[in-house]
There are 4 protein chains.
Amino acid sequence: MTPVRVTVWNEFRHEKKDPAVQAVYPDGIHVAIASGLKAHSDFSIRTATLDEPEHGLSKEALAATDVLIWWGHQAHAEVSDEVVARVKDAVLGGMGLIVLHSGHFSNIFKVLMGTTCNLKWREANDHERIWVVEPGHPIAAGLNETIEIDREEMYGEHFDVPAPDELVFVSWFTGGEVFRSGCCYRRGAGRIFYFRPGHETYPTYYHPDVQRVIANAVRWAAPVGGPKVVFGNAKPREASKA
Amino acid sequence: MTPVRVTVWNEFRHEKKDPAVQAVYPDGIHVAIASGLKAHSDFSIRTATLDEPEHGLSKEALAATDVLIWWGHQAHAEVSDEVVARVKDAVLGGMGLIVLHSGHFSNIFKVLMGTTCNLKWREANDHERIWVVEPGHPIAAGLNETIEIDREEMYGEHFDVPAPDELVFVSWFTGGEVFRSGCCYRRGAGRIFYFRPGHETYPTYYHPDVQRVIANAVRWAAPVGGPKVVFGNAKPREASKA
Amino acid sequence: MTPVRVTVWNEFRHEKKDPAVQAVYPDGIHVAIASGLKAHSDFSIRTATLDEPEHGLSKEALAATDVLIWWGHQAHAEVSDEVVARVKDAVLGGMGLIVLHSGHFSNIFKVLMGTTCNLKWREANDHERIWVVEPGHPIAAGLNETIEIDREEMYGEHFDVPAPDELVFVSWFTGGEVFRSGCCYRRGAGRIFYFRPGHETYPTYYHPDVQRVIANAVRWAAPVGGPKVVFGNAKPREASKA
Amino acid sequence: MTPVRVTVWNEFRHEKKDPAVQAVYPDGIHVAIASGLKAHSDFSIRTATLDEPEHGLSKEALAATDVLIWWGHQAHAEVSDEVVARVKDAVLGGMGLIVLHSGHFSNIFKVLMGTTCNLKWREANDHERIWVVEPGHPIAAGLNETIEIDREEMYGEHFDVPAPDELVFVSWFTGGEVFRSGCCYRRGAGRIFYFRPGHETYPTYYHPDVQRVIANAVRWAAPVGGPKVVFGNAKPREASKA
């Protein structure tokens, strides 16, 4: 079986500067996410970070990526427009994209959604209970009815995104908010999954259910090998128009 | 790898009575469809027909089925209500269902859709050109932009079904009609795919692209192993309500 | 302006037997709902109840109804199959249908949805906070970001319905649950809105925001006067097939 | 009744240079479209064109617009980024947007969709038959099952847009193509309708059904007065988190 080639991208700045984040993710969030996927022998995993040349996302790197996982937060503006455009083209061409947590405000997510992607937030150790609302969805494989996360940053509605093509999860927060926390989109030949949890000061990416969701999403978002689409001036298919 | 257990169900009446149909499908449409799937070593295939006891769809048979393929036409009314209810329960519990062509008017499709499932039709050797409108969908894997079927029965809009959760194909017909010919639905924990072509007097089920679509749909509709859902009276999850 | 002809249907049984319900809705839930709509001069309102002949839903009554509002709970099984079929036909023909609270288990809702419509529930005075997740939807007109209901019965996911065509509201409950509480469906030429709140022992239907939602839903669900659809054998539209 | 304030925007270049277009639309496509709306006394209509200051779309102009209709073709690149951003903000804030025909390649449509919006095309006098596939949709009000356009430019699938939230029309073309020709989107608090017909060399905007669709779409896309959404840091709604 051909492996799914996964690139885990992380802005990797908090972990270099903030001791509280270092304590949780000493090698970076990307390494934690990649480790969480290693049990899957059908995945081939690499990582890339903002401060690498071309942010680690050269044309060659993207051409060798089936699914790109994206974590960013404080440095969205430092991702070059050229790389954003390149990732967008790759997604529309069929590459899967999994956007995590604060990646909601990344330029790549915003240009693909066409909306502000804004939301409510609060850092206050809320309990997050993620309810599965689409139990037959492949991204819900192997889960229980809920994912329980003891402490997390809160994200609340309204989440200004297009209504998801498939809504898999809805979160409950202690402080009284709800959030559409697992959102599937098809764009061009590619598929996009937004998954809410994962603030940098919490050990969320070590949570087995969170790891399972990301792995499920990788499989769901992998390219399918659909038709080569042709655009532009087209001759008629029917003789009467020839 | 655990195989996907496929049951190909056919009403199998035209083929017993009508020489024109016998000439095309001497062993029955179900055998032709099953043969078209045999190249896939990850499928385990059986067939079932209307005139078998319990229509070949006993509790045991359904419990051993991951994806059920359904072809029926002139004998929809002979499928017992009990079996329809049993199939419906199985679908809502996670079994995949692929409804082909005239199966649009089967009771199992109608009870799952909640609408009349009515449409326009004409037997007049129209050319059917099936356009892929969702090139990133797994059911479009391995196809070209169109599937060309030289002669087929026409089905035309309005097709009275719920708007599909995912619309994969739209058909063009010589006589001036269009049809939403590849429609995906999620119902309960199960997934349903309606695929239009396949009139009994045409060799449609020998068409390699049609066979490919059915195989793709089997994989797409196979159960995912999602959460066991609990209904009814529920204790609070939060201590403050205990 | 032609008024929208609204029929408010109520099973009207709790209010006859249970003093706790009588205390809240002395004239019946239908009268409370109808009163909440009376400020809208463009509505023409009547009520109907289970124990009337044909449940107050004769052919003539339905023919004179643009939008039907449905509240039922303990007597779903007493609604005759004939009336359920009649209401279903009316909806598919263009009549709007608003299903409230425990009406999720009515036969009319179940046959239109095609699923079990099951859910979790608890009578424990939870606070319900209904979040608007689609702020541009007509059913959200005139609301704030949330509707706050001090005490209500809890309904929790998984709610076994088809993914709504438009999801307008998501509820948060004290006990830790969430619920897709405002769900829009298009079926045939008709539109259906499910709205969660309204347990018989709480004064929910006197809540101004709940009344506003119901009024908004009436306008949204009113028939649009679309094309008359023709089904069955169809002549070709193009001369080459004549 | 407060009128719906409509701005009809046209690039207005073909009509100044090309005699074939002048012959059809001597005063410009915008004037033809505006004239087609004048029968509706509840609309207040103005026009705006590319070569006006700020393309006729100043902040004040947009603030006084409920629904913006957009026709552009050869000069998409001349619409300033500032105005595109301004229109996008207005749409997300609740203004309706109706994009016509070659407007599929306008920057405003592309940034709202997030995809290439590319398609197939041919100028060859195809007959276009637009089928209603959602007969209960307000945009289909007053139509027959089809809209027949004798001669039009062909647009064919694949149309690289997100799957529409509501698909109202599908077109059939003589040359063998189909097209999703009436596509509804909700983005932010605004609503967007893409409608396919309207090549500059054909008298399409004088067609009564085309005029009716545009008028229906204006009503459908008008702002609803939903909740004011608040983003950013949020205090808890529940005391336990205070």
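Just to be sure I follow: if Rg is taken over the C-alpha atoms of the protein assembly as shown and Rh is the Kirkwood radius over the same atoms, what is Rg/Rh?
Details: Rg = 27.5 Å, Rh = 29.0 Å.
Checking Rg against Rh, the ratio lands at 0.95.
The HN-Hα couplings worked out from phi for the range C:37-50 by the Karplus form 6.51 cos²θ - 1.76 cosθ + 1.60 (θ = phi - 60°) are 9, 5, 5, 8, 5, 8, 10, 10, 10, 10, 10, 8, 9, 3 Hz, whole numbers, x standing for Gly and Pro. Sorted from shortest to longest, the distances between the A:Glu148 label points of this copy and the other copies are 2.9, 6.0, 6.6 nm, with each point 7 Å from Cα along the line through the beta carbon.
When chain C is turned onto chain B, the axis of that turn runs closest to one Cβ of chain C, and that residue with its distance in whole Å is C:Gly114, 2. For the range A:1-92, trypsin sites (Lys or Arg not before Pro) meeting the loop criterion (DSSP other than H, G, I, E, B) and having at most 12 other Cβ atoms within 10 Å: A:Lys38. Take A:Ala85, push a point 7 Å out from Cα through the beta-carbon direction, and compare it with the same point in every other copy: 1.7, 6.3, 6.3 nm, smallest first. Dipole size of chain B about its Cα centre, with +1 on Lys/Arg Cβ and -1 on Asp/Glu Cβ: approximately 1060 debye, rounded to the nearest 20.
Between the range C:56-102 and the range D:90-137, the alpha-carbon centres lie 37 Å apart. Between C:Asn233 and C:Ser80, the FRET efficiency estimated from the beta carbon spacing at R0 = 25 angstrom works out to 0.15. Computed across the range A:170-216, the Kirkwood hydrodynamic radius from all distinct Cα-Cα pairs reaches 12.3 Å.
If the cut-off is 12 Å between C-alpha atoms, which aspartates and glutamates fall inside it for B:Lys235, apart from same-chain ones fewer than 8 positions away? Counting by Cα, and skipping residues close in sequence, B:Lys235 has these aspartates and glutamates nearby: C:Glu123, C:Asp126, C:Glu177.
Between the range A:159-195 and the range D:212-242, the alpha-carbon centres lie 17 Å apart.
Over the range A:57-134, what lengths in whole Å, largest first, do the semi-axes of the equivalent ellipsoid take, defined as the square roots of 5 times the eigenvalues of the alpha-carbon gyration tensor?
Numbers: eigenvalues 130, 49, 27 Å².
In descending order, the three semi-axes are 25, 16, 12 Å.
Considering only D:Val83, D:Gly72, D:Phe169, the residue lying farthest towards the positive end of the dipole of chain D is D:Val83, judged by Cα position with unit charges set on Cβ.
The mean accessible area for residues of the range C:59-201, using a 1.4 Å probe and ignoring ligands and nucleic acids, is 23 Å² per residue.
Of A:Lys17/A:Lys88; C:Lys16/C:Lys110; B:Lys110/C:Lys59; A:Lys120/C:Lys38, which sit over 32 Å apart, Cα to Cα?
Numbers: A:Lys17/A:Lys88 30 Å; C:Lys16/C:Lys110 26 Å; B:Lys110/C:Lys59 23 Å; A:Lys120/C:Lys38 37 Å.
Checking Cα-Cα distances, A:Lys120/C:Lys38 exceed 32 Å.
Using alpha carbons only, the radius of gyration of the range A:161-242 set against its Kirkwood radius gives Rg/Rh = 1.22. Apolar share of the accessible surface for the range C:112-225: 48 percent from carbon plus sulfur atoms, 1.4 Å probe.
I need the fraction of alpha carbon pairs in the range B:78-202 separated by more than 17 Å, rounded to a whole percent.
On the way: 4423 of 7750 pairs.
Value for the range B:78-202: 57 percent of Cα pairs lie more than 17 Å apart.
Taking each DSSP H run with n ≥ 4 as -39500 (n - 2.57) and averaging over every residue of chain B yields -6500 deg cm²/dmol at 222 nm. Just checking the listed ones, C:His199, C:His207, C:His101: in the Gaussian network model of chain C with Cα springs under 10 Å, the one fluctuating most is C:His207. Label point of C:Pro208 (7 Å along Cα→beta-carbon): distances to the other copies' equivalent points are 4.6, 5.1, 6.9 nm, sorted ascending.
Per residue, the Cα convex hull of the range D:1-70 amounts to 68 Å³.
Build a GNM of chain C with springs between Cα atoms under 10 Å apart, and of C:Gly136, C:Gly36, C:Gly72 the one that fluctuates most is C:Gly136.
The base-10 log of I(q)/I(0) for chain A, evaluated at q = 0.09, 0.10, 0.13, 0.17 Å⁻¹, reads -0.37, -0.46, -0.76, -1.33 [Debye formula, identical scatterers on Cα atoms, solvent excluded]. Return the single residue from C:Ala215, C:Ala39, C:Ala163 with maximal mean-square fluctuation; model: Gaussian network over chain C, springs between Cα atoms under 10 Å. Most flexible of the set in this elastic network: C:Ala39. The residues packed around D:Gly56, meaning those with a beta-carbon under 15 Å from its beta-carbon, carry a net charge of -2 if Lys and Arg are +1 and Asp and Glu are -1.
Please give the helix B:81-92 orientation as an angle from the longest Cα principal axis of chain B, in degrees from 0 to 90, rounded to the nearest 10. Here the helix axis deviates by roughly 70 degrees. Treating each Cα of the range C:113-167 as an identical point scatterer and summing with the Debye formula, the log10 of I(q)/I(0) at q = 0.31 Å⁻¹ comes to -1.08.
How big a patch of accessible area, both sides summed and in Å² to the nearest 100, lies buried between B and C at a 1.4 Å probe? It would help to have the intermediate numbers written out before the result.
Details: alone 11460 and 11470 Å², together 19810 Å².
It comes to approximately 3100 Å² buried between B and C.
When you restrict to C-alpha pairs under 8 Å that are six or more residues apart and normalise by the size of chain A, the relative contact order lands at 21 percent.
The values are calculated or read from the model by the stated rules, or taken from the named source; none is laboratory data. Remember, it's a predicted structure, so these values are computed and weren't measured experimentally. Please note: Cβ atoms are built from the backbone with ideal geometry, for glycine as well, and neighbour counts cover all protein chains shown. For the accessible areas, the whole protein counts, side chains as well, though only heavy atoms, and no ligand, DNA or RNA atoms are used. Shrake-Rupley method; radii C 1.70, N 1.55, O 1.52, S 1.80 Å.
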